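The values are calculated or read from the model by the stated rules, or taken from the named source; none is laboratory data. Here the structure is a predicted model, which is why all the values come from computation and not from measurement. Cβ sites come from the backbone with ideal geometry, for glycine too, and all protein chains shown count toward neighbours. These area figures cover heavy atoms from the full protein model, side chains too; ligands, DNA and RNA do not enter into them. Shrake-Rupley method; radii C 1.70, N 1.55, O 1.52, S 1.80 Å.
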Amino acid sequence: MTDESAEGAFPDWREALRRLTGTEAAADAWRSGRYEFAHRLGRALASATTSGLPPITGNVIYGVWLEWGLLYVGQTADASRRLRDLPVGESHHLANTFPPEIWHRVVVVSWPLLPEARDLGVAPDLIGLGLEHRLQSHLKPLANSARRTPKGGWRPVDWARSRSAGARVGPRLGALFEPVLRLWQAAEQAPDESFSSEVCRVVLPSRLL
């Protein structure tokens, strides 16, 4: 889509939302339908699967794609809560700007289950932050690449100059980062959810609409 066609789509988007919420009953149905979908997606990301995979808990790194490519990379020490809320957006900002109805793919990597995660001598929460920083700086996902400013604009993120905890611990995680990156890249190319395992889960949100 060109910039011109994207600009022209804005009135269509706004008008579609006006029609979807044009009466009190329609607005209530819109709210209910969106939450039902977000709830299904959250369960698909975090709960046990019908194919026998266990629930996802604890420390994970996760990513969200749109059709054109990687949008967001995040991490959490509480996967069960965070992954369920990710499409709802009550404590996570992503769904407020990029609705989960347009997400193309979500990947979750339970990195503590990888053998390379053992005996690193680093606290698990810090490992998660380090992996997040390394993936973001390596892949440069759009939603992580800028921060809001108080004046209503955006400033670019300079990962190389970061002094965050993740930036400080990231260089110590090479032995773990490499297998995480290989798994991440394979999951990005996987044709469907059958790629999923106990270590890595792939969910295609459009299949839940």
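Kindly indicate whether any position in the range 172-186 is open to solvent by 60 Å² or more (accessible area, probe 1.4 Å) and not in a helix (DSSP H, G or I). Let's see the steps before the verdict.
As a first pass, look at the range 172-186 and keep what is open to solvent by 60 Å² or more (accessible area, probe 1.4 Å): 172, 175, 178, 182, 185.
Now narrow it down to the ones that are not in a helix (DSSP H, G or I): none.
Taking every residue of the range 172-186 in turn, none turns out to be open to solvent by 60 Å² or more (accessible area, probe 1.4 Å) and not in a helix (DSSP H, G or I).
Checked against (1) out of contact with any Leu (no Cβ under 6 Å at 6 or more places or on another chain); (2) buried (at least 18 other Cβ atoms within 10 Å of the Cβ), R148 passes all but condition (2). Of the numbered criteria (1) closer than 27 Å to D192 by Cα; (2) open to solvent by less than 40 Å² (accessible area, probe 1.4 Å), the one P115 fails is (2).
Name the residue, out of L126, L131, L135, L120, that is on the phi < 0 side of the Ramachandran plot, of a type in the set (A, V, I, L, M), open to solvent by 30 Å² or more (accessible area, probe 1.4 Å) and part of a helix (DSSP H, G or I). Break it down stepwise before answering.
On the way: L131 fails: open to solvent by 30 Å² or more (accessible area, probe 1.4 Å); L135 fails: open to solvent by 30 Å² or more (accessible area, probe 1.4 Å); L120 fails: part of a helix (DSSP H, G or I).
Result: L126 is the single residue among L126, L131, L135, L120 that is on the phi < 0 side of the Ramachandran plot, of a type in the set (A, V, I, L, M), open to solvent by 30 Å² or more (accessible area, probe 1.4 Å) and part of a helix (DSSP H, G or I).
Taken over the range 1-22, the criterion of being modelled with pLDDT of 95 or more and open to solvent by less than 70 Å² (accessible area, probe 1.4 Å) is satisfied by A16, L17, T21, G22.
If you go through the range 24-56 one residue at a time, how many are of a type outside the set (A, V, I, L, M, F, W, C), over 30 Å from S196 (Cα atoms) and open to solvent by 80 Å² or more (accessible area, probe 1.4 Å)? Count: 2. If only residues of the range 196-209 that are assigned to a helix (DSSP H, G or I) and surrounded by fewer than 16 Cβ atoms within 10 Å (Cβ to Cβ) are counted, the one that is farthest from the chain's Cα centre (by Cα) is R207. List pairs: first in the range 149-161 and part of a helix (DSSP H, G or I), second open to solvent by less than 80 Å² (accessible area, probe 1.4 Å), Cβ under 8 Å, 6+ apart or cross-chain? Between residues of the range 149-161 that are part of a helix (DSSP H, G or I) and residues that are open to solvent by less than 80 Å² (accessible area, probe 1.4 Å), the close pairs are W159/H133; W159/Q136; W159/S137; W159/A167; A160/S137.
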